[in-house]
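Data block below; observations after.
The values are calculated or read from the model by the stated rules, or taken from the named source; none is laboratory data. Just so you know, these numbers come straight off a predicted model, no measurement behind them. Neighbour counts are summed over all protein chains in view; Cβ atoms, including those assigned to glycine, are modelled from backbone coordinates with ideal geometry. SASA here: full protein model, heavy atoms, side chains in, ligands and nucleic acids out. Shrake-Rupley method; radii C 1.70, N 1.55, O 1.52, S 1.80 Å.
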Amino acid sequence: MESKRQQKFAGLLQEELAAIFQREGAAYLPNTLVTITKVRVSPDLAVAKVYLSFLNTNNTSLSLATVNSHSSEIRYKLGSRIRHQARVIPTLTFFVDDTNEYVEHMDKIFDKIARERKDTEEETDDQQ
């Protein structure tokens with residue numbers, strides 16, 4: 001369970017990182033939309049796990065590797081934006097947020113179940 005302090009700081013980081021990726025994300029990943037879906041911060045506020053979602057990309061692992069290779073530059077830009085609000089600029093670790101893929105997978109499963117139920121109902125109606 002995150003404390004209020006961690007949640008507030010994570011919200012600040014998410015907002016500022018979103019602005020950085022919105023303005024300068026094209027330099028890292030051209031023609032790719034990067035969304036910061038979630039930020040988790042350690043209790044000492046020194047480490048931040050940033051979860052990203054990519055749109056218009058075929059290879060999310062390559063996109064993640066590109067962002068991770070620029071993490072020190074992104075951290076520097078973040079530091080220049082929040083230097084008056086935070087004592088320590090956290091170390092950033094980026095991860096792929098696969099929530100959308102999970103939702104799509106679950107939707108397919110539910111659709112398959114619904115089709116199977118419909119087929120079995122039609123079979124029982126035909127038998128009667």
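Provide the per residue accessible area, probe 1.4 Å, for the chain, rounded to a whole number of square angstrom.
With the other protein chains kept in place, the chain gives 71 Å² per residue.
Considering only protein heavy atoms, with the full assembly of protein chains and a 1.4 angstrom probe, order 51, 102, 28 by accessible area, largest first.
Highest to lowest solvent-accessible surface, that is 102, 51, 28.
Just read off the accessible area of residue 97 with the full protein assembly in place, 1.4 Å probe, to the nearest 10 Å².
So the heavy atoms of residue 97 present about 30 Å² to solvent.
Which whole-number percentage describes the relative contact order of the chain, with Cα contacts under 8 Å and a sequence gap of 6 or more?
On the way: 135 pairs, mean separation 29.4, N = 128.
Relative contact order comes out at 23 percent.
Principal axes first, then extents: for the Cα atoms of segment 84-128, list largest minus smallest coordinate on each axis, whole Å, largest first.
Principal extents (largest minus smallest coordinate, Cα): 75, 17, 8 Å.
Which residues' amide hydrogens lie under 5 Å from the amide hydrogen of residue 52, considering only partners 5 or more residues apart or on another chain, with H built in the peptide plane?
The list, which skips near neighbours in sequence, is 37, 95, 96, 97.
What part of the accessible area of the chain, given as a whole %, is carbon or sulfur when the probe is 1.4 angstrom?
C and S atoms contribute 49 percent here.
For every other residue with a beta carbon closer than 15 angstrom to the beta carbon of residue 47, add +1 if it is Lys or Arg and -1 if Asp or Glu, then tell me the sum. Mind dumping the intermediate values first?
Numbers: positive: 5, 38, 40, 49, 75, 87; negative: 2, 44.
Local charge sum for residue 47: +4.
Give the share of C-alpha pairs in each 5 angstrom bin for segment 36-128, from 0 to the last occupied bin, in whole percents, shortest bins first.
Per 5 Å bin, starting at 0, the Cα pair percentages come out as 3, 11, 14, 16, 12, 9, 7, 6, 5, 5, 4, 3, 2, 2, 1, 0.
Find the centroid of the Cα atoms in segment 59-128 and in segment 15-57, then give the distance between the two in whole Å.
Here the two parts' Cα centres lie 13 Å apart.
Once the dipole of the chain is set up with Lys and Arg at +1 and Asp and Glu at -1 on Cβ about the Cα centre, which of 109, 52, 12 lies farthest towards its positive end?
Toward the positive end, the furthest listed residue is 12.
If Lys and Arg each add +1 and Asp and Glu each add -1, what is the summed charge of the other residues whose beta carbon sits under 12 Å from the beta carbon of residue 96?
Residues near residue 96 contribute -1 overall.
Sorted from largest down, what three extents in whole angstroms do the Cα atoms of segment 1-45 have along their principal axes?
Extents along the principal axes, in whole Å: 37, 14, 13.
Let me know the number of lysine pairs in the chain closer than 30 Å at the Cα, not counting same-chain pairs under 8 apart.
Close lysine pairs under the 30 Å cut-off: 12.
At 1.4 Å probe size, put 105, 84 in order of accessible surface, largest to smallest. Could you put the intermediate results ahead of the total?
Values: 105 100, 84 160 Å².
Sorted descending by solvent-accessible area, the residues read 84, 105.
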